[in-house]
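Chemist: Handing you a structure now.
The values are calculated or read from the model by the stated rules, or taken from the named source; none is laboratory data. Computed from a prediction, not measured in an experiment: that's the story for all the values here. Counting neighbours? That spans all protein chains shown, and the Cβs are built from the backbone with ideal geometry, glycine included. To get the accessible areas, we keep the full protein, side chains included, count just its heavy atoms, and leave off ligands, DNA and RNA. Shrake-Rupley method; radii C 1.70, N 1.55, O 1.52, S 1.80 Å.
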Amino acid sequence: MSDLLGAFGQAWLRLLLYPGGLSAILAALVIVRLLGIRQLEPLTAPKLLDLLPPLSAIALLPLAPAASFPYGLDLPTAVTLLLWPELRRAAAERCDPHQLAAHYLPAFLGAIALASAAGTFDLSGLLRWPSTPLRQAAFLLGAGAWIAAIPRLAPSQPHLAAACSALGLMLVGVLPLSAAISTIAAAAPAWLGVAAATAIAVAGIAASHRLPVQWGYVWASMALIAASGVLLDSR
């Protein structure tokens, strides 16, 4: 615990400025406006407890040009932290588990494709462009399935925690896109690749929001087929 606290003390810029802290709050407010929400609920103590997990996940994402952090974050942990407000709401309202499973299935399949292509669940692995065409296809299809799932995955409640969840989910999708862009434009600054990947992710989310739900399952099915090919090829 002392080592972790010391690491946080050395990476305070991550927590206060970028990618967490003020940058995350401002970006979340922009997302709120894009979703058509004009007024947020007051930040009460329960809402603050909902805000901290997604905000912590955003602060630990390996986004350029954030200061380095010695402890990595894996995809399952990041998703759990980012979806904490929605999972707590589902538990409180006793939502049907079968409906929840169907709701999260496209994102789950996209995550499997990304992890299969990268060879790891570590988020830093999503910043490395795969070496073989099959893994590259699974990588891009997994990123597409993940981004297409965000409009149905992110909570839409009018509070800051929900906005931070949506932001964090989008930024996870930015990681593989920035890896592809940095490979194509190797001479470009790292921050420019993140900015371009963010613009692509925003456009993809906007397009997915207007398409029927079935399109998300189409993306997820293609990502699953590609991930299966990677797993079979690696044997």
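Chemist: Tell me, which residue of region 15-73 that is over 15 Å from Cys164 (Cα atoms) and at pLDDT 90 or above is surrounded by the fewest Cβ atoms within 10 Å (Cβ to Cβ)?
Modeler: For region 15-73, the residue satisfying everything is Pro62.
Chemist: Name the residues in region 98-131 that are outside any helix (DSSP H, G or I) and touching a Gly at 6+ places or on another chain (Cβ under 7 Å), would you?
Modeler: Of everything in region 98-131, those that are outside any helix (DSSP H, G or I) and touching a Gly at 6+ places or on another chain (Cβ under 7 Å) turn out to be Gly119, Asp122.
Chemist: Can you name every residue in region 105-131 that is under 30 Å from His159 (Cβ atoms) and open to solvent by 40 Å² or more (accessible area, probe 1.4 Å)?
Modeler: Leu105, Phe108, Phe121
Residue-by-condition table, conditions (1) at pLDDT 90 or above; (2) more than 19 Å from the chain's Cα centre (by Cα); (3) of a type outside the set (Phe, Trp, Tyr); (4) closer than 20 Å to Leu60 by Cβ:
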site	(1), (2), (3), (4)
Leu134	yes, yes, yes, no
Phe139	yes, no, no, no
Ala143	yes, no, yes, yes
Val174	yes, no, yes, yes
Ala220	no, no, yes, no
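Chemist: Of the numbered conditions (1) under 11 Å from the mean Cα position of the chain (by Cα); (2) more than 17 Å from Arg33 (Cβ to Cβ); (3) not acidic (Asp, Glu), Ala185 satisfies every one except a single condition; which is it?
Modeler: All conditions pass for Ala185, except number (1).
Chemist: Consider Ile200 carefully, then state whether it is in a helix (DSSP H, G or I), more than 30 Å from Arg33 (Cβ to Cβ), of a type in the set (Val, Ile, Thr) and open to solvent by 10 Å² or more (accessible area, probe 1.4 Å).
Modeler: So Ile200 fails the test.
Chemist: Another question, if that's okay. Which one of Ala195, Ala180 is open to solvent by less than 30 Å² (accessible area, probe 1.4 Å) and assigned to a helix (DSSP H, G or I)?
Modeler: Ala180
Chemist: I need the full set of residues from region 203-220 which are in a helix (DSSP H, G or I), in contact (Cβ under 8 Å) with a residue 12 or more places away in the chain and open to solvent by 60 Å² or more (accessible area, probe 1.4 Å), in order please.
Modeler: His209, Trp215, Tyr217, Trp219 - these are the residues of region 203-220 that are in a helix (DSSP H, G or I), in contact (Cβ under 8 Å) with a residue 12 or more places away in the chain and open to solvent by 60 Å² or more (accessible area, probe 1.4 Å).
Chemist: What number of residues within region 132-171 satisfy the criterion of being open to solvent by 10 Å² or more (accessible area, probe 1.4 Å), in a helix (DSSP H, G or I) and not hydrophobic (A, V, I, L, M, F, W, C)?
Modeler: Matching residues across region 132-171 total 6.
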